[in-house]
Amino acid sequence: DTGVSQDPRHKITKRGQNVTFRCDPISEHNRLYWYRQTLGQGPEFLTYFQNEAQLEKSRLLSDRFSAERPKGSFSTLEIQRTEQGDSAMYLCASSTRDSFGQYFGPGTRLTVT
Amino acid sequence: GQQLNQSPQSMFIQEGEDVSMNCTSSSIFNTWLWYKQDPGEGPVLLIALYKAGELTSNGRLTAQFGITRKDSFLNISASIPSDVGIYFCAGQLAGSSNTGKLIFGQGTTLQVKP
């Protein structure tokens, strides 16, 4: 299967701990996006990479959040000192440069206790 | 921030019925996308629209990019039980940087009674 994959699918952590999520986009896609989705809402944009360059970050992405895409392939999203308000589904999506049709992965469900 | 108003919020219909939902905004969009999401999964792209007035079909699904560029519609014909899920509209604002950043509606929850 060559779709977008995310790991882990579920993460339970205690408040104050750091967590890291991984996203592997569709192989020929050079654009990669992170979104956050809370219950009953649509996804909200967090950040965008074109190849390895992080070109846009949302105001939602506080300084506790950092994302990387070191070789323009997979990406990681790290949350430091997690808070209960960070509990959400974190979604990764990818697309080609010329298409705005973004393809989403299955998401990582984060629960902060 | 920018908002997409999606309606209806939920629908409960009989199998075989047609379904219509829409998305509106006070802002102009240059791309509209429609997604379906099942519980615990990521959204699945159904239809992408890139030009005002464009009408595109995908099987029993038909979507249109409104002429004003401020709205879009999704129709599902002859609904079946597997159509159950949450449908989201999403769009890219005109005049925004060319990042492809999407703004999503609040979703329409569809339930189908066999």
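DSSP beta bridges confined to chain B are antiparallel in about 90 percent of cases. Placing +1 on the Cβ of every Lys and Arg and -1 on the Cβ of every Asp and Glu, with no other charges, gives segment A:14-92 a dipole of roughly 200 debye about its Cα centre.
Counted by neighbouring Cβ atoms within 10 Å, the residues A:Arg97, A:Arg31 run from fewest to most as A:Arg97, A:Arg31.
When the Cα gyration tensor is reduced to axis lengths a ≥ b ≥ c, the ratio a/c is 1.5 or higher for segment B:27-78, and with a/b not above b/c it is classed as oblate. Full extension of the segment from B:Asn75 to B:Glu17, taken as 0.36 nm per residue of separation minus the current Cα-Cα distance, would add 19.8 nm. Basic side chains Lys and Arg get +1 at the Cβ, acidic Asp and Glu get -1 at the Cβ, and with that the dipole of chain B about its Cα centre reaches some 380 debye. Using a/c under 1.5 as the rounded threshold, could you call segment A:25-73 rounded, prolate or oblate? The axes a ≥ b ≥ c are square roots of the C-alpha gyration tensor eigenvalues, and prolate needs a/b larger than b/c, oblate otherwise. Judged from the Cα gyration tensor, segment A:25-73 comes out oblate (a/c at least 1.5, b/c at or above a/b). Projecting the Cα positions of B:Ile28, B:Ala78, A:Gly3 onto the charge dipole of the protein assembly as shown (unit charges on Cβ atoms of Lys, Arg, Asp and Glu, taken about the Cα centre) puts B:Ile28 furthest along the positive direction.
Using only alpha carbon positions, build the gyration tensor of the protein assembly as shown, then give the equivalent ellipsoid semi-axes as the square roots of 5 times its eigenvalues, largest first, whole angstrom. Don't jump to the answer; show the numbers that get you there.
Working: eigenvalues 171, 84, 50 Å².
After scaling each eigenvalue by five and taking roots: 29, 21, 16 Å.
Considering only B:Gly40, B:Gly66, B:Gly91, the mean-square fluctuation computed in a Gaussian network model of chain B, springs between alpha carbons under 10 angstrom, is largest for B:Gly40. The Cα-based radius of gyration and maximum Cα-Cα distance (Dmax) for segment A:15-113 are 12.9, 41 Å.
Rounded to the nearest 20 Debye, what is the dipole magnitude of the protein assembly as shown about its Cα centre when Lys and Arg each give +1 and Asp and Glu each give -1 at the C-beta? Can you show the working numbers first?
Numbers: 22 positive and 21 negative charges, 116 e Å.
Dipole of the protein assembly as shown, to the nearest 20 debye: 560 debye.
The 3J(HN,Hα) values that the Karplus relation (6.51, -1.76, 1.60; θ = phi - 60°) gives for segment A:47-62 are, in residue order, 7, 9, 10, 10, 6, 8, 8, 8, 9, 8, 10, 7, 5, 5, 7, 5 Hz. Gly and Pro appear as x. Hey, which lysines would be in cross-link range of A:Lys71, C-alpha to C-alpha under 20 Å, not counting anything within fewer than 8 residues on its own chain? By straight Cα distance, A:Lys71 reaches A:Lys57. Using the Cβ-Cβ distance between B:Ser82 and A:Ile12 with R0 set to 35 Å, the FRET efficiency works out to roughly 0.70. Each of B:Gly40, B:Thr109, B:Gln64 was scored by the projection of its Cα onto the charge dipole of segment B:10-114, and the greatest displacement toward the positive side belongs to B:Gln64; charges sit on the C-beta of Lys, Arg, Asp and Glu. Here, segment A:1-51 has an Rg and a Dmax of 13.1, 37 Å when only alpha carbons are counted.
Pick out, in residue order, every one of the trypsin sites (Lys or Arg not before Pro) in segment B:8-114 that is DSSP loop and has at most 15 other C-beta atoms within 10 Å; say none if there are none. Sparse-neighbourhood loop trypsin sites (Lys or Arg not before Pro): B:Lys51, B:Arg60.
The numbers here are math on the coordinates, done by the rules we state, and not lab data. The structure displayed is predicted, hence computed values, not measured ones. Here the Cβ is made from the backbone with ideal geometry for all residues, glycine too, and neighbour counts use every protein chain on show.
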